Amino acid sequence: MGSYGIYIHIPFCPSRCDYCDFYTLTGCGQLFEPYTQAVIASLQTAPLPGGSRVDSIYFGGGTPTMLGAGRLTALLQALRQQYQVAPDAEITLEANPVALTLPMLQQLRAGGFNRISFGLQSSSAGQLQELGRTHTADGAAQAVALARQAGFLNISLDIMLGLPRQSVQEVLDTVEFCARQQVQHLSAYMLKLEENTPFAARYTETDIDEEVQREIYLAAARRLEELGYAQYEISNFAQPGYASRHNLKYWNCQEYLGIGPAASSFLEGRRFTFPRDIEAFLSAANPWQLPVEEGPGGDWEERVMMSLRLTQGLCRTDLLALFPGKAGEADALWGRAAPLMSAGLLTCTPERIVLTREGFLLSNSIIAHLLW
Ligand code: SF4
């Protein structure tokens, strides 16, 4: 039996960023305690049996640090009582680089959190304002320094690529800023205009120049590599030994339990997701009756799709070990991949297909072409 991941969604933020469509609420301090207790109570009826081995726990959001160190460590303690958390488990907390103090970070570290992920997005004051972020680059640098002082030795920063009017140089400045903070991990996501967000009202797809986005992505990835951050997935880069176990569980189709409104799970071959409704989660006698079934997970298409997001790519031996009857389909897939090599979109050997960075930029259409 393998080890599981656990994701806890904390759906609270101090304010709403203009580009964000995550399920998160503002101005709901009165819900912090009932929500903490509801998550703890939900463990008693969770579909992951008590005593299961867990090697990755991720508190995401939202802004989990809004709950305060006491509630966050109580949640982690409840997980430890319910599950067999591996001594070397990766235990991540997402954090906004504002309103963090050294005592709070020390309490979180002492409570068992060993990885922290800050949403920086940009080191440019103008872009932070445009995104609706409330922190400054200096504030983020200070938060990283405090986290390190508190004993966090595995720190990640999120940055955003391809904002309207963003230049290659601005992104490179942000990348250099991150490297100066000596963080171990970086996630660099391309901006997506999400429906019903202020950003989607302000901009249309035509405001985003695809050629500039391409240049930004390639320049950022190249510079990150020069600075010692190896790319391991389309949007993720890490110093050696610091690839995120939580992230890799998703892309390797390993099973995990997600708790809280909007959280998804993949357990016993089933995928299911809680509705985006905190009231329903708080008032349910058994919240595990709320999730919506999303069908089987880890099938052929999903394995191909997820593997091709990774820089290690799709391995024929691994694929056929999982699907021994599909050698013919693998031949067909490899046959469709080979001609894309000359366009520089992927490399293809009899054993492995790996997308290049140019290929990552077109990953959705390449994967669709290879599968169907
Ligand atoms: S802090 Fe994160 S989750 Fe909250 S609104 Fe901003 S982007 Fe969304």
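The values are calculated or read from the model by the stated rules, or taken from the named source; none is laboratory data. Fair warning: this is a prediction, and the values are worked out from it, not measured in the lab. Please note: Cβ atoms are built from the backbone with ideal geometry, for glycine as well, and neighbour counts cover all protein chains shown.
A few notes on this one:
- Strands (runs of 3 or more DSSP E) contained in segment 255-361 and holding at least 1 residues under 18 Å from the mean Cα position of the chain (by Cα): 256-259, 264-267, 270-273
- For segment 203-254, taking the residues that are of a type in the set (S, T, N, Q) and farther than 24 Å from His9 by Cα, the one that is nearest to the chain's Cα centre (by Cα) is identified as Gln231.
- Of the candidates Leu322, Leu340, the single residue that is at pLDDT 95 or above, touching a strand residue (DSSP E or B) at 6+ places or on another chain (Cβ under 9 Å) and hydrophobic (A, V, I, L, M, F, W, C) is Leu340.
- Selection from segment 46-61 of residues that are within 16 Å of the ligand (Cβ to nearest atom), small (Gly, Ala, Ser) and surrounded by 23 or more Cβ atoms within 10 Å (Cβ to Cβ): Gly61
- Being surrounded by 18 or more Cβ atoms within 10 Å (Cβ to Cβ) and modelled with pLDDT of 95 or more is a property that Leu290 lacks.
- Ala41 vs. criteria assigned to a helix (DSSP H, G or I) and among the hydrophobic types (A, V, I, L, M, F, W, C): yes
- The one condition in (1) among the small types (Gly, Ala, Ser); (2) surrounded by 19 or more Cβ atoms within 10 Å (Cβ to Cβ); (3) within 30 Å of Leu346 (Cα to Cα) that Gly260 fails to fulfil: (3)
- The lone exception for Leu31 - which of (1) in a helix (DSSP H, G or I); (2) loosely packed, with under 15 Cβ neighbours inside 10 Å it fails: (2)
- Only a single item in (1) crowded, with 16+ Cβ neighbours inside 10 Å; (2) part of a loop (DSSP other than H, G, I, E, B); (3) not aliphatic (A, V, I, L, M) is not met by Ser15, and it is number (1).
- Residue match in segment 226-242 (condition: part of a helix (DSSP H, G or I) and either at pLDDT below 95 or of a type in the set (Lys, Arg) (or both)): no
- Residue in segment 99-109 that is modelled with pLDDT of 95 or more and within 16 Å of the ligand (Cβ to nearest atom) present: no
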